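One structure is given here, and the rest of the page talks about it.
The values are calculated or read from the model by the stated rules, or taken from the named source; none is laboratory data. Computed from a prediction, not measured in an experiment: that's the story for all the values here. Methodologically, a virtual Cβ is constructed for each residue, glycine included, from the backbone with ideal geometry; neighbour enumeration extends over all protein chains shown.
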Amino acid sequence: MGIEDRLTSFSERKQSVLRRAHDYLMPNRVETWLGVGVPLVIGRREGYRIWDVDGKELLDLHLNGGTYNLGHRHPDLVATLREALDELDVGNHHFPSEARADLGEQLAAHTPGGLHYSVFTPSGSEANDLAIKSARASTGKRRIVCLGSGFHGTSGLSGAAGNDESARFFLSDRPDEFVKVPFGDLDAIERAMAEGDVAAVLIEPIPATYGFPVPSGGYLSGIRALCDEHRALLIADEVQTGLGRTGHLWAVEAFDVQPDVLVTGKGLSGGLYPISAVVLTREVGAWLEEKGWGYVSTFGGSELGCRVALRALDLCAREESLENAVRISDYLGAGLADLQSRHAFLKGVRRKGLVIGLECDHEMGAIQLSAALYGRGVWAMFAGFDPSVLQFKPGLLVDEAYCDEVLERLDGALGDIETAR
Ligand SMILES: Cc1ncc(COP(=O)(O)O)c(C=O)c1O
């Protein structure tokens, strides 16, 4: 079936968007979404709900990986951006600014241990690039150990640090410099370390694109110990797991592990103005003391973004936000256990705070569940590197009534799948 045949049931406006997106931007993506029955063009958005331009309401359990951790268009964040626009613009990145200094100070205050210096970037990919560069400059070593099933972005270094296949497509894989190990395998990290020249282990504390497998008690602390033994650094990519989502401000705190470098992004932007950050110990950030222009980015640390990020950080770090994450996690945990007892298709639940993965009873099951949920009015996405698992990401500030709606729609979607089988 051609794209035109698939568009006929939509409004003129939606047809036009899909047709032009197909023609000028992303032909394969548009065809794929139409093919799997998710013809979403987001229009209105508010709190933890989005509406397709043709009016369909969806509960947002995807949140763009935590970008909408505080909800879409949180009123305080919208007001903060509006106020900032009355006096600021992106600023001049060569000079210090009050907005940047405020955010740097607060990131140092809100990150664990000796994390101190911040560098702001427009994206999480670039923040990971800078984490890798800082580790190399600090240790004088080149190799980075990372997960074959990890995702750290799509820029040069961050892309090479993730799934090899994706990087290889653009001839950007660097297998000699980026050593890939399986999740949960400390021996593989030790073997890589033994070969020498390892600057850092780069890891998401709970790897998102692999379906949020929760690491066993000793895994992250074991990596920390190996790093110490081999004088390598630990880089925690908290782009998805940070900012309260585990019930702690940072996932490394939930696992009681101290990184040398912490990367944050997505939710830091409040979903309103792109900004990400890499936070370094004084030692790892020593290059900032000698090379003032070692990293320059016109839009990294835009003053507008800094103002929004400062407010977003404050909202996420509040005791009541973190307590809500824990309470809602337990509430959803009970509801999901009930659904699991009634639906064999829901094989298991991975959960650490609001970082949740739903295991399906089929290797591609989460693609099916994602489409069934779409039909029932929930947007949640399968894990790219393990499509048997659905990423299930409730917002930091949701309440029980919202969870009841989610659980009811999930119940319906699981029933739809089982009926169709
Ligand atoms: C864990 C993780 N790290 C880094 C990134 C890259 O962030 P960005 O898309 O802002 O470049 C992502 C994006 O999905 C991510 O999930």
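Key figures
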| read-out | value |
| --- | --- |
| Count of segment 135-162 residues which are buried (at least 20 other Cβ atoms within 10 Å of the Cβ), farther than 18 Å from ARG231 by Cβ and more than 12 Å from the ligand (Cβ to nearest atom) | 1 |
| Filter result for THR121 (closer than 20 Å to THR281 by Cβ, modelled with pLDDT of 95 or more, within 11 Å of the ligand (Cβ to nearest atom) and among the hydroxyl-bearing types (Ser, Thr, Tyr)) | yes |
| Residue in segment 110-124 that is assigned to a helix (DSSP H, G or I), touching a helix residue (DSSP H, G or I) at 6+ places or on another chain (Cβ under 9 Å), of a type in the set (A, V, I, L, M, F, W, C) and buried (at least 21 other Cβ atoms within 10 Å of the Cβ) present | no |
| Condition met for ILE132 (closer than 30 Å to GLY301 by Cβ and either buried (at least 22 other Cβ atoms within 10 Å of the Cβ) or at pLDDT 95 or above (or both)) | yes |
| Test: residue in segment 382-391 that is polar (S, T, N, Q) and touching a Phe, Trp or Tyr at 6+ places or on another chain (Cβ under 9 Å) | yes |
| Enumeration of residues in segment 405-421 that are farther than 20 Å from LYS56 by Cβ and among the charged types (D, E, K, R) | GLU418, ARG421 |
| Counted residues, segment 68-115 - those being closer than 22 Å to THR241 by Cβ and touching a residue at least 24 places away in the same chain (Cβ under 8 Å) | 17 |
| Some residue of segment 157-164 being in a loop (DSSP other than H, G, I, E, B) and within 26 Å of GLY301 (Cβ to Cβ) | yes |
| Total residues in segment 184-212, condition at negative phi and surrounded by fewer than 20 Cβ atoms within 10 Å (Cβ to Cβ) | 8 |
| Any pair with Cβ under 6 angstrom, 6 or more apart, that starts in segment 402-414 at a residue that is farther than 18 Å from LYS347 by Cα and without any contact (Cβ under 8 Å) to a residue 40 or more places away in the chain and ends at one that is outside any helix (DSSP H, G or I) and charged (D, E, K, R) | none |
| Members of segment 1-55 that are among the basic types (Lys, Arg) and over 23 Å from GLN368 (Cα atoms) | ARG13, LYS14, ARG19, ARG20, ARG44, ARG45 |
| Extreme residue, farthest from ARG245 (Cα to Cα), among residues of segment 373-421 that are of a type in the set (Gly, Ala, Ser) and surrounded by fewer than 21 Cβ atoms within 10 Å (Cβ to Cβ) | ALA420 |
| Helices (runs of 4 or more DSSP H) wholly inside segment 231-330 containing at least 1 residues that are free of Cβ contacts under 8 Å to residues at least 60 places away in the same chain and at negative phi | 287-290 |
| Odd one out for ILE132, checked against (1) in a helix (DSSP H, G or I); (2) under 22 Å from CYS316 (Cα atoms); (3) of a type in the set (A, V, I, L, M); (4) within 16 Å of the ligand (Cβ to nearest atom) | (2) |
| Residue that is farthest from the ligand (Cβ to nearest atom), among those in segment 182-221 that are under 18 Å from the mean Cα position of the chain (by Cα) and among the aliphatic types (A, V, I, L, M) | VAL214 |
| Candidates LEU336, LEU280, LEU313, LEU288 - the one that is more than 16 Å from the ligand (Cβ to nearest atom) and within 26 Å of LEU358 (Cβ to Cβ) | LEU336 |
| Any pair with Cβ under 6 angstrom, 6 or more apart, that starts in segment 147-162 at a residue that is within 13 Å of SER276 (Cβ to Cβ) and at pLDDT 95 or above and ends at one that is more than 9 Å from the ligand (Cβ to nearest atom) and not hydroxyl-bearing (Ser, Thr, Tyr) | HIS152/ALA161; SER155/ASP129; SER158/ASP129 |
| Filter result (under 21 Å from ALA127 (Cα atoms), touching a Lys or Arg at 6+ places or on another chain (Cβ under 7 Å) and more than 14 Å from the ligand (Cβ to nearest atom)) within segment 233-257 | LEU234, VAL257 |
| Scope segment 182-198; condition among the basic types (Lys, Arg) and touching a Phe, Trp or Tyr at 6+ places or on another chain (Cβ under 8 Å); matching residues | none |
